[in-house]
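Below is one structure, written out as structure tokens, with a few remarks after it.
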Amino acid sequence: MPDLFVDLVAPNGTRYTQPTGLFINNEFIASSGQTITSLDPATDEPIATVHAASPEDVDRAVNAAKAALAHPSWKKLPATDRGQLMGRLADLMEQNRELFATIDAWDNGKPYHVALSEDLVEAIGTIRYYSGWADKTFGQTISTTPEKFAYTIRQPVGVVGQIIPWNYPLSMACWKLGPALACGNTVVLKPAEQTPLSALILGKLIKEAGFPPGVVNIVNGYGREAGAALAGHPLVNKIAFTGSTMTAREIMKLAAGTLKNITLETGGKSPLLVFPDADLEQAVKWSHFGIMSNQGQICTATSRIYVHHDIFQSFLSKFKEAVETTSKIGNQWDETTFQGPQVTRAQYDRILSYIESAKKDGVEVVTGGSAHTPSSAKNKNGYFIQPTVFTGSSDTHAIVREEVFGPVVVILPFASEDEAIQRANNTTYGLGAAVFTRDLERAHRVAAEIEAGMVWVNSSQDCDPRVPFGGVKQSGIGRELGEAGLEAYTQVKAVHVNMGNRL
Ligand code: NAD
């Protein structure tokens, strides 16, 4: 078994001590046997081996969370003090920004400068935002009759199991922890097995900030074992999950055993509509960002672009130009890199197989269409893929219907607003959508008609801790972020009061 702490030197020269154990009761401890080895996606070389939880280890973490829930150091902690603990955590994260950005870049493949200027801002901002909510989640007083009234209290749901994906390792952890902690729950968090490292540093800071033992427990582990054990554990009151729709179905089944409260953030095939009156430069800029940023590994990626036929050819050639001039491929450490390697060889293979099958079906390639061969010998085994643009006329290909989760987009023409809306909605998903037009009426009309949890007008991928995030249809259940995110982590208790003795 690996040591519980290893000294590492990242490719950008950062030296640090990486905890590798399971974080339970504020201590790093050994798992009962399994391990996960994290690889650098740019080189295919190992970074570190961490302990992976067995179902018995998960049970230990859940029991720690259960005990912490009842412990006066957490249960009786005034909500304002809880908020201050969260504020302290945000401060510590701020002090470790470069370290977190280094780890997520190394582990996930995203460019370091992006991790630092986007992921870290979002992660710290979310913890800060929810620290402010800790003492502002009130109940109501409800008048009933002259002799009686009722009031409601918002109480924590209890022990919360949180299962997160690999595309924004630290941000996803913070989206989940922020509202859960603000509302006084205790947590067992399972990071994705592809990116196990940054969450363990977060664990270290959680202890340093002063959170009582057992309030946050972090167990790396494989989905089918540790994830499933968490989702089915009888002492877990709620499961919050972000990941694929297929896994969400499994989780619903496992959670059904004890009727757990659930929130699910799952996949998408988000449409982006460009009307003929749109500002074309803006539409191209945002639609490129909407699919090609984060290596295309974004659940809300606007991966189906529908463009009015009057402007179709000029949009297509400008989009191609944007890809060729902006999507510079490179390793995580080069400041000019726009697109790093895909997260794992499995994702790389999956994306390439979508590209190959589309080509075989005769879908036209505008640019890209294969793996990228890096110029540096050090990166020859990295998981690099060319940003790829397809075009055609039919919506039937897998590339138009299924989530690829990579830098692959399909751009299709439409003739009328009704047709664009109908095709945008012709999907089992409903996460994000974007509309480009200068016509205010059309913008709001289309935003209302599109079946999605979020719509961007003349933009793509805006995301803010203050604004609810989530999907409809098979893209999820419930909302994260914003005030709506608190709903997922509190339950309302009604107290009926009889003030007189006569009735
Ligand atoms: P995934 O569903 O395979 O894994 C997500 C998490 O679930 C991981 O922690 C994994 O270990 C765990 N898991 C896997 N099988 C499990 C099981 N049987 N029981 C319990 N837990 C299990 O997804 P992924 O490949 O890691 O991530 C990519 C997918 O996530 C994409 O489809 C993407 O759209 C989706 N995603 C959605 C959002 C969103 O907010 N809607 C955000 C990011 C990613």
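The values are calculated or read from the model by the stated rules, or taken from the named source; none is laboratory data. Note that the structure is a prediction, hence the values are computed from the model and not measured. We place every Cβ from the backbone using ideal geometry, glycine too, and count neighbours over all the protein chains shown. Quick note on the areas: whole protein, heavy atoms, side chains included, nothing else; ligands and nucleic acids left out. Shrake-Rupley method; radii C 1.70, N 1.55, O 1.52, S 1.80 Å.
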Asn501 is checked against (1) touching a Gly at 6+ places or on another chain (Cβ under 6 Å); (2) open to solvent by 50 Å² or more (accessible area, probe 1.4 Å); (3) of a type in the set (S, T, N, Q) and fails just one. What number does that condition carry?
(1)
State the number of residues belonging to the range 413-427 that are hydroxyl-bearing (Ser, Thr, Tyr) and either over 15 Å from Ser393 (Cα atoms) or touching a helix residue (DSSP H, G or I) at 6+ places or on another chain (Cβ under 7 Å) (or both).
1
In the set Pro11, Pro19, Pro2, which member is modelled with pLDDT under 95 and touching a strand residue (DSSP E or B) at 6+ places or on another chain (Cβ under 8 Å)?
Pro2
Some residue of the range 181-194 being under 17 Å from the mean Cα position of the chain (by Cα), more than 18 Å from Pro72 (Cα to Cα) and free of Cβ contacts under 8 Å to residues at least 40 places away in the same chain:
yes
Only strands (runs of 3 or more DSSP E) wholly contained in the range 244-324 count here; list those with 2 or more residues that are away from the ligand (no atom under 13 Å from the Cβ) and closer than 30 Å to Glu487 by Cβ.
271-274
Inside the range 125-196, counting only strands (runs of 3 or more DSSP E) that do not spill past its ends, which hold 2 or more residues that are more than 16 Å from the ligand (Cβ to nearest atom)?
141-143, 148-156
Among the residues of the range 320-327, is any closer than 24 Å to Asn425 by Cβ, in the same structural domain as Val400 (by TED's automatic domain parsing) and of a type outside the set (Phe, Trp, Tyr)?
no
Residue check, Gln295 against (1) within 26 Å of the chain's Cα centre (by Cα); (2) on the phi < 0 side of the Ramachandran plot, all met but one. Which one?
(2)
Output for Cβ contacts, cut-off 8 Å, separation at least six or different chains, first residue more than 21 Å from Lys473 (Cβ to Cβ) and among the hydroxyl-bearing types (Ser, Thr, Tyr) in the range 291-305, second open to solvent by 10 Å² or more (accessible area, probe 1.4 Å) and part of a loop (DSSP other than H, G, I, E, B), reads Ser293/Phe338; Ser293/Gln461
Residue pairs within 7 Å by beta carbon, gap of at least six or interchain, first lying in the range 236-249 and aromatic (Phe, Trp, Tyr), second more than 6 Å from the ligand (Cβ to nearest atom), listed first then second, are Phe241/Ala248; Phe241/Leu264
For Ser357, state whether it is at pLDDT below 95 and polar (S, T, N, Q).
no
If I go through the range 69-91 residue by residue, how many of them are open to solvent by 20 Å² or more (accessible area, probe 1.4 Å) and in a helix (DSSP H, G or I)?
12
Residue pairs within 6 Å by beta carbon, gap of at least six or interchain, first lying in the range 250-278 and without any contact (Cβ under 8 Å) to a residue 12 or more places away in the chain, second of a type outside the set (A, V, I, L, M), listed first then second, are none
Are any residues in the range 401-420 touching a residue at least 60 places away in the same chain (Cβ under 8 Å) and open to solvent by 10 Å² or more (accessible area, probe 1.4 Å), and if so, which ones?
Arg401, Glu402, Glu403, Phe405, Pro413, Ala415, Glu417
Does Glu487 satisfy being open to solvent by 50 Å² or more (accessible area, probe 1.4 Å), free of Cβ contacts under 8 Å to residues at least 40 places away in the same chain, outside the structural domain of Ile164 (by TED's automatic domain parsing) and of a type in the set (Asp, Glu)?
no
Among what's in the range 325-358 and is of a type in the set (Ser, Thr, Tyr) and in a loop (DSSP other than H, G, I, E, B), pick the residue that is surrounded by the fewest Cβ atoms within 10 Å (Cβ to Cβ).
Thr336
Within the range 133-189, considering residues that are open to solvent by 50 Å² or more (accessible area, probe 1.4 Å) and hydroxyl-bearing (Ser, Thr, Tyr), the one farthest from Lys493 (Cα to Cα)
Thr145
If I ask for residues that are of a type in the set (Asp, Glu) and closer than 25 Å to Lys110 by Cβ, which ones from the range 1-42 would you list?
Asp7, Asp40
Within 28 Å of the chain's Cα centre (by Cα) and open to solvent by 50 Å² or more (accessible area, probe 1.4 Å): is that true of Asp361 in this structure?
no
Could you say whether any residue in the range 127-142 is of a type in the set (Asp, Glu), under 19 Å from Leu481 (Cα atoms) and in contact with a Ser or Thr (Cβ under 7 Å, 6 or more places away or on another chain)?
yes
Could you tell me which residue of the range 213-232 is nearest to the ligand (Cβ to nearest atom), considering only residues that are open to solvent by 20 Å² or more (accessible area, probe 1.4 Å) and of a type outside the set (A, V, I, L, M, F, W, C)?
Gly223
Residues that are modelled with pLDDT of 95 or more and either farther than 28 Å from Thr126 by Cα or in contact with a His (Cβ under 7 Å, 6 or more places away or on another chain) (or both): does the range 76-92 have at least one?
no
